[in-house]
Amino acid sequence: MRSSLSSVRQLSSAFQGVKESARYVPRRALLYVPASSEKMLAKVPSIHADSVVIELEDGVAIAAKDTARKNAAAALDKLAGQPRKAFEIGVRVNSVSSGMMEDDLRVLARAQNLPDAFMIPKVDSPEDLAYIFDTFKKEYTPSRVTDTKTRMVMWIESARALLDMPRIVSTALNLHKSTGFFKLDAVVFGSDDYCADIGATRTSEGLENLYARQRFVACCKAFQVQAIDSVYIDLKDEEGLRKYSEQGRNWGFTGKQTIHPSQVPIVQSSFLPSTERIEWARELAEAYGEHQKEGKGAFSFRGQMIDRPLLLQAMNIIQLDEAVKEAGKQ
Amino acid sequence: MRSSLSSVRQLSSAFQGVKESARYVPRRALLYVPASSEKMLAKVPSIHADSVVIELEDGVAIAAKDTARKNAAAALDKLAGQPRKAFEIGVRVNSVSSGMMEDDLRVLARAQNLPDAFMIPKVDSPEDLAYIFDTFKKEYTPSRVTDTKTRMVMWIESARALLDMPRIVSTALNLHKSTGFFKLDAVVFGSDDYCADIGATRTSEGLENLYARQRFVACCKAFQVQAIDSVYIDLKDEEGLRKYSEQGRNWGFTGKQTIHPSQVPIVQSSFLPSTERIEWARELAEAYGEHQKEGKGAFSFRGQMIDRPLLLQAMNIIQLDEAVKEAGKQ
Amino acid sequence: MRSSLSSVRQLSSAFQGVKESARYVPRRALLYVPASSEKMLAKVPSIHADSVVIELEDGVAIAAKDTARKNAAAALDKLAGQPRKAFEIGVRVNSVSSGMMEDDLRVLARAQNLPDAFMIPKVDSPEDLAYIFDTFKKEYTPSRVTDTKTRMVMWIESARALLDMPRIVSTALNLHKSTGFFKLDAVVFGSDDYCADIGATRTSEGLENLYARQRFVACCKAFQVQAIDSVYIDLKDEEGLRKYSEQGRNWGFTGKQTIHPSQVPIVQSSFLPSTERIEWARELAEAYGEHQKEGKGAFSFRGQMIDRPLLLQAMNIIQLDEAVKEAGKQ
């Protein structure tokens, strides 16, 4: 354990630029918790999902938005410093097009604490992102959201957004660089809204969104951000959930949305890297440590030239593995 | 019937911007009629396909182009005011690259009447569209093609066009806005020419053009225009035709090309929205009407935020359903 | 034989612009030969693969790079004028990001002869190409690489490159036009590096890279360059190799990488055009010859308008067929 952890540290300090990503947040399973329900919010610390989404958007009726906002703000302060099972607790606000994001942020900003991640649904264009960053600047004041550990997670849910996704993701990363506000760390594919947008019907075969899901992964991975897969709707079909989770992992997704706690363990185990992958990552980290000791030059491992994206992947796998093992001990 | 129709009117008048699309033309099945054959042109009024394509392009030999142009022009005037079974009768001219479009339009412009839609094959670039709009301006004079009810339907049939499709579709819509000429309303995927262009071979499994067909749908729906699927070549295989029609509908296509009248009823029934979809659309229209009475604000229906593309979809479904029922009565 | 060859010549001379592509290099099967092994390099003249890749990159350990460079340079001079079974013998240098390309070219430039093709792995951006052309200019001096018969073959192996591929391919073609250096003739999909880049796992079903492979083909064919498919890893599974080779051909690929001589004949026979395709191409060439004699105007064949990409395809098929038959006689 110790030896590989220190390999990661070697990796980080040796390889300039990889360092910034050292704090890896596992997001194998995302679980939604509607902020309108105080009862459900109270359970958040004990939820075992990797990432808990305190929900102000689709999971909350319009009449309940105001209550939900206040509950979410209170939860942020209550949760601060408290032990929790999840690796991340985020708040999902309403979309730009809903016209409700400003109200959400005005109330959330009253909390002393920031969530681990701000979560933004239905990002449709680079212009949406400019509005989002402006709104945060206004409601939170720049000093509260600059150089924070808070991350950004966003949802892509329309044909327009999918087609323009490289520009959307790069704009999010560039706005982080120029403002110092939260860094985009993961993108989630909102397949139900996407299918509604193009008029598609979900089938059991699942071919209808192959193009969308695979393009989505490519657009995430081209910018080294996590790719989170669609919801599996049939709560009773564990076999189907496992099959689609594994398909998602094989296609390059790093995690999956869940809509019920019963789905979480299946999804989590499906998105755990295989023993071979973990071994590959640990040996690569060790070899890279050796390589760095011996001086500069190109680095090759198991017959493959190792570049920055592959180093990052190895580090992420090791950190995921260790985070999960660590959490298992609690 | 009446109540939902008036819901649509409420929808239209209430929701600025949706209004323009109120006149929805069903295009579940397109059928080609070669303009070289006077005998077949005479049957046009009795054809039950949603959209009849009077053909000057691939369906007409080069030696017969001139006759076909004159026949098509004569048909436009003969058909005017006559009862017809189709929702649309369009004329498909030759492509920009053929060098024959000017000759086509010169002869067609002699007719007193415009078709319901001008249909343009093999649009390959935004530059093609600039040429097309210029040629219409020259041959028809602007006054005859400005603010007309005539629509534009175009074909995407090459790898280059598919890759550049977002720019092509947005250019067509922008040229409509700046000139007032025909609005792009539907795009058709010319899969045989596409497969020839990339050197692909059609298989019974049909996987070879999955990427092309799904990207095509995304590019159409991102701009809210109809997406019309490939031809099914095997005239005897009704089961296969039904299977591919339903696959197309599930993937988000709004209709399909047919090459023989026997294919039309199967395609039409496959592209009819399901009872659940129609119910969803009618209830959404009703709920939106109520919502508008009560004042402003975000609108949510069945737990989903309803935005402009979804409102448009609901309206289109209701209009398709009513148009089809109306036509059934004739 | 003779008559169709002269049809091709008619085609070429008649159809301005098609001419330049007359020299078609079949690349049904590419085979890698590590330049670190003098023993394997000695066998190059007798290898029956269409295109032999003398390898300096992934197939050569870092410690062996220098030896491999010298071997490759020596091989270029030894091979000059010698009879050979392959249609092409190329050298694959190290990638831009490896930092080793300059050293590769410095040593290769000492050889009197150029390879038939320079082969460049991991091209990730138009900026990479600018660096590549600059480096060739510096190491080879412009006079040695201008207006040569040497072609360029490049590899696309990352999500970033796949997303930006239209710009990458057009930049390569434009840099050829502006410098006169080697023309891009084929692009190879490096699926293992691509899957590693997006974190995907290869499955026997093979769906995980459908989007990538089909987008790749579209991006190649939009610019009329050859598309070379992924490696099939399981050396013992001939049935699987044949199945994936045929799938690749049906999807529009023109050839496939191989990693062992035993794979070559299966791949070569899978990527041979069918008898019907060859017949189509020969009859089209003949009809086009007749058409040109009779004067100008649009050209239609078997009910399809024939444009430049289709003429090119027909010429390529005829030349592939004749090159293969010719080679069979040796």
Using the structure shown, decide if A:Ser245 is hydroxyl-bearing (Ser, Thr, Tyr) and either more than 24 Å from A:Ile54 (Cβ to Cβ) or open to solvent by less than 40 Å² (accessible area, probe 1.4 Å) (or both).
yes
Any residue that is more than 19 Å from the chain's Cα centre (by Cα), of a type in the set (A, V, I, L, M) and open to solvent by less than 10 Å² (accessible area, probe 1.4 Å) - is there at least one of those in region C:266-274?
no
I'd like the full set of residues that are within 14 Å of chain A (Cβ to nearest Cβ) and assigned to a loop (DSSP other than H, G, I, E, B), limited to region C:108-132.
C:Pro121, C:Lys122, C:Val123, C:Asp124, C:Ser125
Filtering region A:36-51 down to residues that are small (Gly, Ala, Ser) and assigned to a helix (DSSP H, G or I) yields A:Ala42, A:Ser46
Scanning region C:118-149 for residues that are of a type in the set (A, V, I, L, M), closer than 22 Å to C:Asp193 by Cα and out of contact with any helix residue (DSSP H, G or I) (no Cβ under 7 Å at 6 or more places or on another chain) gives C:Met119
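Are any residues in region C:52-102 among the acidic types (Asp, Glu) and either farther than 18 Å from A:Phe299 by Cα or in a strand (DSSP E or B) (or both), and if so, which ones?
Answer for region C:52-102, where residues must be among the acidic types (Asp, Glu) and either farther than 18 Å from A:Phe299 by Cα or in a strand (DSSP E or B) (or both): C:Glu55, C:Asp77, C:Glu88.
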Does C:Asp128 meet the test of being at pLDDT 95 or above, under 30 Å from A:Leu162 (Cα atoms), of a type in the set (Asp, Glu) and buried (at least 19 other Cβ atoms within 10 Å of the Cβ)?
yes
Those residues of region B:34-46 which are surrounded by fewer than 19 Cβ atoms within 10 Å (Cβ to Cβ) and within 21 Å of B:Val188 (Cβ to Cβ), in sequence order:
B:Met40
Which residue pairs have Cβ atoms under 9 Å apart, sit 6 or more places apart or on different chains, and have a first residue in region B:77-97 that is within 14 Å of chain C (Cβ to nearest Cβ) and a second that is assigned to a strand (DSSP E or B) and among the aromatic types (Phe, Trp, Tyr)?
B:Arg92/B:Tyr32; B:Arg92/B:Phe118; B:Arg92/B:Trp155; B:Val93/B:Phe118; B:Ser95/B:Trp155
I want to confirm something. Restricting to region A:198-211 and keeping residues that are within 23 Å of the chain's Cα centre (by Cα) and either of a type in the set (Phe, Trp, Tyr) or at the interface with chain B (Cβ under 7 Å from one of its Cβ atoms) (or both), which single residue is surrounded by the most Cβ atoms within 10 Å (Cβ to Cβ)?
A:Tyr211
When region A:251-285 is checked residue by residue, the ones that are without any contact (Cβ under 8 Å) to a residue 12 or more places away in the chain and within 22 Å of C:Ser204 (Cα to Cα) are A:Ser269, A:Ser274, A:Thr275, A:Glu276
Those residues that are within 13 Å of A:Tyr288 (Cβ to Cβ) and either of a type in the set (Ser, Thr, Tyr) or surrounded by fewer than 20 Cβ atoms within 10 Å (Cβ to Cβ) (or both), I need them from region A:311-330; list them, please.
A:Leu312
Going through region C:60-116 one residue at a time, which ones are of a type in the set (Asp, Glu) and open to solvent by 20 Å² or more (accessible area, probe 1.4 Å)?
C:Asp66, C:Asp77, C:Glu102, C:Asp103, C:Asp116
Do we have any residue at all in region B:269-292 that's of a type in the set (Ser, Thr, Tyr) and under 21 Å from A:Asn209 (Cα atoms)?
yes
It is to be established whether one or more residues within region A:257-265 are open to solvent by 30 Å² or more (accessible area, probe 1.4 Å), among the polar types (S, T, N, Q) and out of contact with any Ser or Thr (no Cβ under 9 Å at 6 or more places or on another chain).
yes
Condition check: over 17 Å from the mean Cα position of the chain (by Cα), farther than 30 Å from B:Gly248 by Cβ and open to solvent by 50 Å² or more (accessible area, probe 1.4 Å). Does A:Asp147 satisfy that?
yes
It is to be established whether one or more residues within region C:218-241 are within 14 Å of chain B (Cβ to nearest Cβ), open to solvent by less than 40 Å² (accessible area, probe 1.4 Å), among the polar types (S, T, N, Q) and over 15 Å from the mean Cα position of the chain (by Cα).
no
Pull out all pairs, ordered by first then second residue, where Cβ-Cβ is under 8 Å, the residues are six or more apart or on different chains, the first lies in region B:229-245 and is without any contact (Cβ under 8 Å) to a residue 12 or more places away in the chain, and the second is in a helix (DSSP H, G or I).
B:Asp234/B:Gly240; B:Asp234/B:Leu241
Just one of the numbered conditions (1) under 18 Å from A:Met100 (Cβ atoms); (2) part of a loop (DSSP other than H, G, I, E, B) is not true of A:Thr135; which one?
(2)
Quick count over region A:107-163, residues being among the aliphatic types (A, V, I, L, M) and under 23 Å from A:Thr67 (Cα atoms), is 9
Picking from C:Thr148, C:Thr171, C:Thr135, C:Thr179, the residue that is out of contact with any His (no Cβ under 8 Å at 6 or more places or on another chain), β-branched (Val, Ile, Thr) and within 23 Å of C:Asn316 (Cα to Cα) would be C:Thr148
Here's a check for you: in region A:142-172, which residue that is farther than 17 Å from A:Arg213 by Cα and among the basic types (Lys, Arg) is nearest to the other protein chains (Cβ to nearest Cβ)?
A:Arg167
Residues in region A:170-197 that are among the hydroxyl-bearing types (Ser, Thr, Tyr), open to solvent by 10 Å² or more (accessible area, probe 1.4 Å) and closer than 15 Å to B:Asp307 by Cα: how many?
0
Take C:Lys293 and tell me if it is out of contact with any Pro (no Cβ under 8 Å at 6 or more places or on another chain) and either over 18 Å from C:Arg28 (Cα atoms) or aromatic (Phe, Trp, Tyr) (or both).
yes
Give the residue that is farthest from the chain's Cα centre (by Cα), with candidates limited to residues of region B:280-310 that are buried (at least 18 other Cβ atoms within 10 Å of the Cβ) and away from chain A (no Cβ under 14 Å).
B:Gly289
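The values are calculated or read from the model by the stated rules, or taken from the named source; none is laboratory data. Just so you know, these numbers come straight off a predicted model, no measurement behind them. Because the Cβ atoms are built from the backbone with ideal geometry, glycine has one as well, and the counts that use them run over all protein chains shown. What goes into the accessible areas is simple: the full protein's heavy atoms, side chains included, and nothing from ligands, DNA or RNA. Shrake-Rupley method; radii C 1.70, N 1.55, O 1.52, S 1.80 Å.
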